[in-house]
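See below for the structure under consideration.
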Amino acid sequence: MGGITLEKDGAVGVIRFDRPDKLNALTLAMYDELGAAFAEVRDDDSLAVAVLTGSGDRAFCVGADLSESIPALAEGRFDISEWDAAHQKHTSLFKPVIAAVNGLCLGGGFEIMLSTDIRVAADTAEFGLPESGVGVVPAGGTLTRLTRQIPYVWAMELMLQGDRIPAAQALRYGLLNEVVPAARLLDAAMERAHRLASRSGTALRTIKEAVLRLGDLPQEQAFHSEALYGQKAFTSADAREGLAAFAERRAPDFPSRGA
């Protein structure tokens, strides 16, 4: 049947869509499991970063298993808001999440990718939002997120036309940070993850929380709140250690990484 797995690699939690025979399509149970995996990364002090990827080399995730989800939704047996945790809506996971996109990234898989912070894709990956072709819409965060992340015309093209685009085009659109040869994908994502795990956990969490919470505030209110976040970071144990290490020309040993 497949599911969602979470494994630890040092301070990195590797979350996988693990249903490769079905292109990692999500069952209703897998949505719950993904939300639980994100919560586990959030609550585990030994984890600093998450990497999200798919099992196999054919797909990252092609979204919901329509044979299960569409009947449940159409018959009113299920509310799409139950997927909020999987889509990281209203998230309190302020640790970085890196997507390693290893193949088809379609529909709900694309939507979940949009909830991540850094995105690396294989050069063979393809991206698309095919929902309009089957009479539904990408309401797993995409109607809100996509136009905030990339230019309006490209976002609307993706949502309205539903065409697939290759990794190189997704990179040009600003959906990705990097495209690498497929054989190097996980290594490239893990290198980024371990590099992040060496930095101040307090700083990383503060940056992500502030960015997520300040983006929709009026500018003057946002500046005020930004100062509060900054003051919290500047007076933290990590800041004291980081500044001392800088002065002493040594690598910092951040207290936030002591778990």
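Could you tell me which of the pairs K208/K232; K22/K208; K8/K95 are separated by over 22 angstrom between their Cα atoms in the structure shown? Intermediate values should be presented prior to the final figure.
Working: K208/K232 14 Å; K22/K208 33 Å; K8/K95 15 Å.
Going by Cα-Cα distance, K22/K208 fall outside the 22 Å limit.
Return one quarter of the surface area of the convex hull spanned by the alpha-carbon atoms of the range 200-257, equal to its mean projected area, in nm².
Working: hull surface 16.2 nm².
Mean projected area of the Cα convex hull: 4.1 nm².
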Exercise for review: Collect residues whose amide H, placed 1.01 Å from N in the peptide plane, falls under 5 Å from the amide H of A86; neighbours closer than 5 in sequence don't count.
Suggested key: G35
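Using only the alpha carbons of the range 153-247, what is the convex hull's orientation-averaged projected area in square nanometres?
Working: hull surface 37.3 nm².
The number I arrive at for the range 153-247 is 9.3 nm².
Considering only protein heavy atoms, with the full assembly of protein chains and a 1.4 angstrom probe, order S46, S198, S236 by accessible area, largest first. Please list the in-between numbers first.
Values: S46 45, S198 75, S236 20 Å².
Reading off the accessible areas and sorting them downward yields S198, S46, S236.
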Exercise for review: For the range 1-99, give the share of DSSP beta bridges that are antiparallel, in percent and rounded to the nearest 5; count only bridges with both residues there.
Suggested key: 40 percent
Revision key, fill the gap. Restricted to the chain, the DSSP antiparallel beta bridge percent, nearest 5, is 30 percent
Check your understanding: the range 1-120: percent of C-alpha pairs farther apart than 25 Å?
Key -> 17 percent
Revision key, fill the gap. Residues whose built amide H sits under 5 Å from the amide H of N24, excluding neighbours closer than 5 in sequence, are R19
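Please give the calculated 222 nm ellipticity per residue for the chain, where each DSSP H segment of at least 4 residues contributes -39500 (n - 2.57) and the sum is spread over every residue; nearest 500 deg cm²/dmol?
On the way: 10 runs with 112 residues, N = 259.
Value at 222 nm, helices only, nearest 500: -13000 deg cm²/dmol.
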Revision key, fill the gap. With all protein chains present and a 1.4 Å probe, the order of V134, V41 from largest accessible area down is V134, V41
Check your understanding: Zone of L66 (label point 7 Å along Cα→Cβ, backbone N under 19 Å): which residues in the range 137-163?
Key -> 137-143, 158-163
**Study point:** Evaluated over the range 79-131, the Cα radius of gyration and Dmax, each in Å
**Key:** 11.8, 36
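I'd like the FRET efficiency for Q161 and L212, computed as 1/(1 + (r/R0)^6) with the beta carbon distance as r and R0 of 30 Å, rounded to 0.05. Spell out each step's value before the answer.
Values: r = 29 Å, r/R0 = 0.97.
That gives a FRET efficiency of 0.55.
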Practice item. Quickly work out the S132-to-A227 label distance, labels modelled 7 Å from Cα along the C-beta direction, and quote it in nm with one decimal. Key: 4.5 nm
Check your understanding: Which far-off residues, 5 or more places away or on another chain, put their amide H under 5 Å from the one on V12, with H placed in the peptide plane?
Key -> A48
**Study point:** For the chain, alpha-carbon Rg and Dmax in angstrom
**Key:** 19.0, 65
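What does the charge dipole of the range 1-146 about its Cα centre add up to, to the nearest 20 debye, if the Cβ of each Lys and Arg holds +1 and the Cβ of each Asp and Glu holds -1? Walk me through the numbers on the way to the answer.
Details: 11 positive and 22 negative charges, 56 e Å.
Using only the charged Cβ atoms, the result is roughly 280 debye.
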Review point. Using the Kirkwood formula over every pair of different C-alpha atoms, what hydrodynamic radius in Å results for the range 148-190?
Key: 11.6 Å
Practice item. Please determine, in degrees from 0 to 90 and to the nearest 10, the orientation of helix 219-234 with respect to the longest principal axis defined by the Cα atoms of the chain, where the helix direction is its Cα long axis. Key: 60 degrees
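State, as an integer percentage, the relative contact order of the chain based on alpha-carbon contacts under 8 Å between residues 6 or more apart. Please report the intermediate quantities before stating the final value.
On the way: 476 pairs, mean separation 42.7, N = 259.
So the answer I get is 16 percent.
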Practice item. With a probe of 1.4 Å, find how much accessible area the chain has per residue, and write the answer as a whole number in Å². Key: 50 Å²
Point to revise | Centre separation in Å (Cα based) which lies between the range 145-169 and the range 89-126 | key: 14 Å
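Under 37 °C and 0.692 mPa s, how fast does the range 48-180 diffuse according to Stokes-Einstein, given a Kirkwood radius computed over C-alpha pairs? Answer in µm²/s, whole number.
Working: Rh = 15.0 Å.
Translational D for this selection: 219 µm²/s.
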**Study point:** Residue-span extension gain [R250 to A183] - 0.36 nm each, minus C-alpha spacing
**Key:** 20.6 nm
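Taking the range 49-141, which GluC sites (Glu not before Pro) meet the DSSP loop condition and have no more than 12 other C-beta atoms within 10 Å? Could you put the intermediate results ahead of the total?
Working: sites: E68, E75, E82, E111, E126, E131; in loops: E75.
Those that pass, being in a loop and sparsely packed, are E75.
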**Study point:** Eligible aspartates and glutamates near K89 by straight Cα distance, threshold 14 Å, same-chain separation 8 or greater
**Key:** D32, E111, D117, E209
Practice item. With everything on Cα atoms, drop me the angle between helix 28-43 and the longest principal axis of the chain, reported from 0 to 90° to the nearest 10. Key: 0 degrees
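The values are calculated or read from the model by the stated rules, or taken from the named source; none is laboratory data. All figures in this text were calculated on a predicted structure; none of them were measured in a lab. Backbone-built Cβ (ideal geometry, glycine too); neighbour counts: all protein chains shown. Calculation scope for accessible area: heavy atoms of the full protein, side chains included, ligands and nucleic acids excluded. Shrake-Rupley method; radii C 1.70, N 1.55, O 1.52, S 1.80 Å.
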